[in-house]
Amino acid sequence: MLDQLNREVDAVLRLPEVAERVRGFGADPVGGDRAHYTRVIAEDWERWGGVVRDLGLRGD
């Protein structure tokens with residue numbers, strides 16, 4: 001089930017209009033397999049986790 005969901009999300013992110021909209025938010029439309037996505041999240045957590053904690057930001 002997760003592999004199918006990943007394939008569907010990846011296909012949507014590859015649509016030019018979706019990719020352009022994502023870029024408009026200042027983000028990169030990152031697709032790929034589940035292992036790649038896991039690496040991206042881990043790298044973002046490493047990069048931004050300390051900043052979020054240091055600033056005391058919360059998601060609520």
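The values are calculated or read from the model by the stated rules, or taken from the named source; none is laboratory data. Quantities reported herein were computed from a predicted structural model and do not represent experimental measurements. Because the Cβ atoms are built from the backbone with ideal geometry, glycine has one as well, and the counts that use them run over all protein chains shown. These accessible areas exclude ligands, DNA and RNA; they are computed on the full protein's heavy atoms, side chains included. Shrake-Rupley method; radii C 1.70, N 1.55, O 1.52, S 1.80 Å.
Side notes on the structure shown:
- For beta carbons closer than 8 Å, sequence separation of 6+ or different chains, a first residue in segment 33-60 that is within 28 Å of Asn6 (Cα to Cα) and a second that is surrounded by fewer than 10 Cβ atoms within 10 Å (Cβ to Cβ) and of a type outside the set (A, V, I, L, M), the qualifying pairs are Arg34/Asp3.
- As a summary of the residue check, Gly59 satisfies the conditions (1) assigned to a helix (DSSP H, G or I); (2) open to solvent by 60 Å² or more (accessible area, probe 1.4 Å); (3) modelled with pLDDT under 90 except for the one numbered (1).
- Filtered residues of segment 1-19 (kept if surrounded by 10 or more Cβ atoms within 10 Å (Cβ to Cβ) and either of a type in the set (Phe, Trp, Tyr) or part of a loop (DSSP other than H, G, I, E, B) (or both)): Arg14, Leu15
- Scoring Asp44 on the criteria (1) open to solvent by less than 100 Å² (accessible area, probe 1.4 Å); (2) in contact with a helix residue (DSSP H, G or I) (Cβ under 9 Å, 6 or more places away or on another chain); (3) of a type in the set (D, E, K, R) leaves a single failure, condition (2).
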